[in-house]
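Colleague: Take this structure first; my questions come after.
The values are calculated or read from the model by the stated rules, or taken from the named source; none is laboratory data. Everything numeric here is computed off the predicted structure, so don't read it as measured data. A quick note on method: Cβ atoms are made from the backbone with ideal geometry, for glycine too, and the neighbour counts reach across all protein chains shown. SASA here: full protein model, heavy atoms, side chains in, ligands and nucleic acids out. Shrake-Rupley method; radii C 1.70, N 1.55, O 1.52, S 1.80 Å.
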Amino acid sequence: MAQRRPVIAGNWKMFKTVAETRTFLDALIPQVRDVDHCDVVVAPPFTGLAAAVEKAAGSRVSVSAQNVHWEKEGAFTGEVSVGMLKDAGCTHVIIGHSERRQYFGETDETVEKRTKAALAGGLKPIVCVGELLAERDAGQASDVVRRQVQKCLGRLTESDLSLIIIAYEPVWAIGTGRTATPEVAAEMHAEIRKIIREIFGDAAAGAIRILYGGSVKPDNISALMKKDDIDGALVCGASLDAKSFAAIIKYL
Ligand code: PGA
């Protein structure tokens, strides 16, 4: 069984100015200087990326964007390309977050396109999946997540897959304070790993990192991380304060 290195990622959504980005990293970096049990990623809005990269240089913190377009350049007002994100110094990009899917027309097809473009350009995708509350209540959670994993990732190569991080974020748990119990989360993580095994085989399934997202806090991270199939967390609310994010990073 592959040893999977945990990842704790902060998705800042539409929060923090450039100045606030600098202040945050000045506070965070000394607190995580000795952390070597996990990868640490922050995902500021586009405007904060360059400042975050500058501040994070030489530290253990990697910088991610929150979205990327699949074309190299062109008439796509409001979009940003892989090359632009690389130029800004990003190493990761979040793709297919449920807010993109719910409010901005993101589909499994566009998630696949963005993911392929990110991989081709050398960015590591953090691909989000997760069911709505109504889908869980209707007993469709596994089917929805299966469809998302198959359509977003199913046509990649095994070597592409080795660069991907999956984030399972049940939509009913995001920003609601209603964290999935470690058992509910772990059950879906195991299901996702099973789907990856069916498509790509044992080695890929054993190696892929699957993060949980949805109301992760300093006081619930340890219980989540104790579950075998949970390899880290994608956090918004509790990642916006450096002390709270550092506490999550130091979940051990
Ligand atoms: P939350 O958001 O931690 O505020 O629930 C998580 C996310 O949407 O990535």
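Colleague: Write down the Å³ per residue value for the convex hull defined by the alpha carbon atoms of the range 86-130.
Modeller: Details: hull volume 3.1 nm³, N = 45.
Per-residue hull volume (Cα only) is 69 Å³.
Colleague: Enumerate lysine pairs in the range 101-252 that are 8 or more residues apart or on different chains, then count those whose Cα atoms are under 12 Å apart. It would help to have the intermediate numbers written out before the result.
Modeller: Details: Lys113/Lys151; Lys116/Lys124; Lys217/Lys243; Lys217/Lys250.
Lysine pairs meeting both conditions in the range 101-252 amount to 4.
Colleague: Okay, moving on. Which chymotrypsin sites (Phe, Trp or Tyr not before Pro) in the range 22-124 sit in a loop by DSSP (not H, G, I, E or B) and have at most 11 other Cβ atoms within 10 Å of their own Cβ?
Modeller: On the way: sites: Phe24, Phe46, Trp70, Phe76, Tyr103, Phe104; in loops: Trp70, Phe76, Phe104.
Filter output for the range 22-124: Phe76, Phe104.
Colleague: Could I ask something else about it? Say R0 is 51 Å: what FRET efficiency, to the nearest 0.05, do Glu183 and Ala57 get from their beta-carbon distance? Before the final figure, lay out the partial values.
Modeller: Numbers: r = 40 Å, r/R0 = 0.79.
The formula returns an efficiency of 0.80 here.
Colleague: Over the chain, with every protein chain in place, what whole percent of the accessible area is carbon and sulfur at 1.4 Å, could you tell me? Let's see the in-between values first.
Modeller: On the way: 5820 of 11230 Å².
Of the solvent-accessible surface of the chain, carbon and sulfur hold 52 percent.
Colleague: Return the FRET efficiency for the residue pair Val35, Phe76: r is the Cβ-Cβ distance, R0 is 22 Å, and the value is rounded to the nearest 0.05.
Modeller: Values: r = 38 Å, r/R0 = 1.72.
Between Val35 and Phe76 the formula returns 0.05.
Colleague: With a cut-off of at most 11 other beta carbons within 10 Å, and DSSP calling the residue loop, which GluC sites (Glu not before Pro) in the range 1-74 qualify? Please list them.
Modeller: On the way: sites: Glu20, Glu54, Glu71, Glu73; in loops: Glu71, Glu73.
For GluC sites (Glu not before Pro) across the range 1-74 that sit outside H, G, I, E and B with at most 11 neighbouring Cβ atoms in 10 Å, the list reads Glu73.
Colleague: For the range 59-194, what does the accessible surface come to per residue with a 1.4 Å probe? Please give it in Å². Walk me through the intermediate numbers first.
Modeller: On the way: 6120 Å² over 136 residues.
With all protein chains present, the range 59-194 gives 45 Å² per residue.
Colleague: Oh, and also: Would you calculate the separation in nanometres between label points at Asp137 and Ser162, each defined as 7 Å from the Cα along the Cα-to-beta-carbon direction?
Modeller: Between Asp137 and Ser162, the label points sit 4.5 nm apart.
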